[in-house]
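Down below is the structure, laid out as structure tokens.
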Amino acid sequence: MSTLLQPVRGTHDLLPEDTRRHRHVEDTAFAVARRYGYGEVVTPIFEFTEVFARTLGETSDVVTKEMYTFTMGEDSLTLRPEGTAGVARAFISNGLSQSLPLKLFYRGPMFRHERPQKGRQRQFHQVGIEFLGVESPLADVEVVSMGWRMLEALGLKGKIQLEINTLGDLDSRTAYRNALVAYLEPMRLTLSEESRARLDKNPLRILDSKDEEDRRIVAQAPVMTDCLTPAAREFFDQVTAGLTALGIPFTVNPKLVRGLDYYCHTAFEFTTDALGAQGTVLAGGRYDGLIGQMGGPATPGIGWAAGVERLSMLLGEAPPPERPVALVPMGDAMAALALADRLRAAGISVDMGFSGNMKKRMARAAKAGARFAIILGEDEAARGAVTLRDLDSGEQAEVAEERLLGLLTAQKSE
């Protein structure tokens, strides 16, 4: 088959069953978000490249290796690799600082040129939230708890674990950076080439290295909690106390960090053992310095993003679709089409059979998962009636057309 007829590597088609899983994840996330007071925001699928270069770090893997960037005229544009930068840009562009505090939910496709594998695609989908304008640790508790409640609503409570850490305040991070560099510098030549470059520019990112020798070295590295200021320690204590009060189990992971300077205080991840190497399904943290770094007013913020593909894989079978009503015309097809139109206008899902004998049309109704079949023959039509067959029990009865909608609506609500 021609490569033109194949999806591009790292992309995939979402067929109806896949789409039902995706929509279930997205709609569940948004339903939970609405209960927490969030409104949905939709940002463009591409931005000026600088939006991501400035927020993700010029030396990050995403910026240097993974972004889909193209030029139109004199503009360098990039397909969004994540959602937070676009939301922060929208906050600045639309002058929303007078609307704080602000709670925003987003969903949609993201793009990264990574090596495709299970749970990781080059076009993938995320749901996420951003809570802007509140410095209190109670905001961190609410944001983390909302992630937990969303996963709980998806039925994943027994499949995920929460890991949490503190990145401290600026003084804490400065002290930790110095301690980490002092520990790693004598072993510079033992580090991987990538980590040697990070040692000078962004040493915290060495803690995320996948290189086995790097991982052996950082296993004994200083941890952030050893370098916290009293204020930062009190902030983290309030976050953990709040989660405990809400009954949300967690593990403190001192190696869980974010490498960029605008991150501070709480960092967290929900992980699973059920997806192999791609174990993180939802991750977030506090980023009080981000909007200021982008050129906007200094604005505290915290948020998270979750991978829809990974959550869909954890769901297993897709939620069943709404069971339609099968309409089987055995006489005047136009009269049947008019009846189908009236039922659909009243909110009833109707699968219309257009051809074949009664046996084939009933087989189609069963394949469509229909609960009822409406058989409309010439004799029934002459009496203003239809035959309504319950496909679960096999029972059937003639029903006046004027009563049909009421019966179907009552059955749908049960």
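The values are calculated or read from the model by the stated rules, or taken from the named source; none is laboratory data. Here the structure is a predicted model, which means the values were calculated and not measured. In this analysis, Cβ positions are derived from the backbone assuming ideal geometry, glycine residues included, and neighbour counts consider all displayed protein chains.
For the stretch 25-53, which residues satisfy the criterion of being among the hydrophobic types (A, V, I, L, M, F, W, C) and touching a residue at least 60 places away in the same chain (Cβ under 8 Å)? Give the steps one after another, and end with the answer.
Of the residues in the stretch 25-53, the ones among the hydrophobic types (A, V, I, L, M, F, W, C) are 25, 29-33, 41-42, 45-46, 48, 51-53.
Passing the criteria: 25, 29, 30, 31, 32, 33, 41, 42, 45, 51.
Here is a list: 281, 308, 325. Which entry is touching a residue at least 60 places away in the same chain (Cβ under 8 Å), under 30 Å from residue 357 (Cβ atoms) and crowded, with 23+ Cβ neighbours inside 10 Å?
It is 325.
Scan the stretch 144-167 residue by residue and report those that are farther than 16 Å from residue 279 by Cα, touching a Lys or Arg at 6+ places or on another chain (Cβ under 7 Å) and in a helix (DSSP H, G or I).
Across the stretch 144-167, there are no qualifying residues.
Being among the hydroxyl-bearing types (Ser, Thr, Tyr) and outside any loop (DSSP other than H, G, I, E, B) is the requirement here; does residue 299 meet it?
Answer is no for this residue.
Any idea which residue in the stretch 279-296 is farthest from residue 135 (Cα to Cα), counting only those that are part of a loop (DSSP other than H, G, I, E, B) and in contact with a Ser or Thr (Cβ under 9 Å, 6 or more places away or on another chain)?
279
With the condition kept exactly as written, say whether any residue in the stretch 202-224 is closer than 24 Å to residue 143 by Cα, touching a Pro at 6+ places or on another chain (Cβ under 8 Å) and not assigned by TED's automatic domain parsing to the domain that holds residue 163.
Yes, the stretch 202-224 has at least one match.
When both residues are 6+ apart or on different chains and their Cβ atoms are under 6 Å apart, which pairs have a first residue that lies in the stretch 79-104 and is among the polar types (S, T, N, Q), and a second that is surrounded by fewer than 22 Cβ atoms within 10 Å (Cβ to Cβ)?
97/297
Counting just the residues of the stretch 13-44 that are in contact with a strand residue (DSSP E or B) (Cβ under 8 Å, 6 or more places away or on another chain) and not in a helix (DSSP H, G or I), which one comes out farthest from residue 307 (Cα to Cα)?
That would be 37.
Results for (1) part of a helix (DSSP H, G or I); (2) in contact with a Cys (Cβ under 7 Å, 6 or more places away or on another chain); (3) not aliphatic (A, V, I, L, M), shown as yes or no for each residue.
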{"position": "313", "(1), (2), (3)": "yes, no, no"}
{"position": "318", "(1), (2), (3)": "no, no, no"}
{"position": "341", "(1), (2), (3)": "yes, no, yes"}
{"position": "355", "(1), (2), (3)": "no, no, yes"}
{"position": "362", "(1), (2), (3)": "yes, no, no"}
{"position": "366", "(1), (2), (3)": "yes, no, no"}
{"position": "381", "(1), (2), (3)": "yes, no, no"}
{"position": "411", "(1), (2), (3)": "yes, no, yes"}
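If a residue must be among the charged types (D, E, K, R) and buried (at least 17 other Cβ atoms within 10 Å of the Cβ), how many such residues does the stretch 228-260 contain?
Number satisfying all stated conditions: 1.
So residue 155 passes all but one of these: (1) modelled with pLDDT under 95; (2) over 20 Å from residue 255 (Cβ atoms); (3) surrounded by 21 or more Cβ atoms within 10 Å (Cβ to Cβ). Which condition number does it fail?
All conditions are met except number (3).
So residue 297 fits all but one of (1) surrounded by 18 or more Cβ atoms within 10 Å (Cβ to Cβ); (2) in contact (Cβ under 8 Å) with a residue 60 or more places away in the chain; what number is the exception?
(1)
Just name the residue that is surrounded by the most Cβ atoms within 10 Å (Cβ to Cβ) out of those in the stretch 381-403 that are in contact (Cβ under 8 Å) with a residue 40 or more places away in the chain and farther than 19 Å from residue 355 by Cα.
391
Okay, residues lined up against (1) of a type in the set (A, V, I, L, M); (2) closer than 25 Å to residue 151 by Cα; (3) assigned to a loop (DSSP other than H, G, I, E, B):
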| site | (1), (2), (3) |
| --- | --- |
| 185 | no, no, no |
| 204 | yes, no, no |
| 216 | no, no, no |
| 237 | no, yes, no |
| 241 | yes, yes, no |
| 260 | yes, no, yes |
| 270 | no, yes, no |
| 275 | yes, yes, yes |
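Among the residues of the stretch 355-377, write down those that are under 16 Å from residue 331 (Cβ atoms) and surrounded by fewer than 11 Cβ atoms within 10 Å (Cβ to Cβ).
Those that are under 16 Å from residue 331 (Cβ atoms) and surrounded by fewer than 11 Cβ atoms within 10 Å (Cβ to Cβ): 355, 357.
Restricting to the stretch 49-77, and then to whatever is acidic (Asp, Glu) and at pLDDT below 90, can you tell me which residue is farthest from the chain's Cα centre (by Cα)?
Restricting to residues being acidic (Asp, Glu) and at pLDDT below 90, the top hit is 58.
Mind counting the residues in the stretch 114-147 that are in contact (Cβ under 8 Å) with a residue 40 or more places away in the chain and out of contact with any Pro (no Cβ under 9 Å at 6 or more places or on another chain)?
So the count comes out to 21.
Within the stretch 130-137, is there a residue that is part of a helix (DSSP H, G or I) and either closer than 23 Å to residue 97 by Cα or not assigned by TED's automatic domain parsing to the domain that holds residue 291 (or both)?
Yes, the stretch 130-137 contains at least one residue that is part of a helix (DSSP H, G or I) and either closer than 23 Å to residue 97 by Cα or not assigned by TED's automatic domain parsing to the domain that holds residue 291 (or both).
Counting just the residues of the stretch 172-195 that are charged (D, E, K, R) and either surrounded by 14 or more Cβ atoms within 10 Å (Cβ to Cβ) or in contact with a His (Cβ under 8 Å, 6 or more places away or on another chain) (or both), which one comes out nearest to residue 209 (Cα to Cα)?
Of the stretch 172-195, the ones charged (D, E, K, R) are 173, 177, 185, 188, 193-194.
This time we only want the ones that are either surrounded by 14 or more Cβ atoms within 10 Å (Cβ to Cβ) or in contact with a His (Cβ under 8 Å, 6 or more places away or on another chain) (or both), so: 173, 177, 194.
Working: 173: 19, 177: 16, 194: 9 Å.
Only one residue tops the list, namely 194.
Tell me, which residue of the stretch 249-277 that is of a type in the set (A, V, I, L, M, F, W, C) and within 19 Å of residue 134 (Cβ to Cβ) is modelled with the lowest pLDDT?
264
Test residue 98 against the stated conditions and say whether it is of a type outside the set (Asp, Glu), more than 30 Å from residue 318 (Cβ to Cβ), in the same structural domain as residue 235 (by TED's automatic domain parsing) and modelled with pLDDT under 95.
So residue 98 passes the test.
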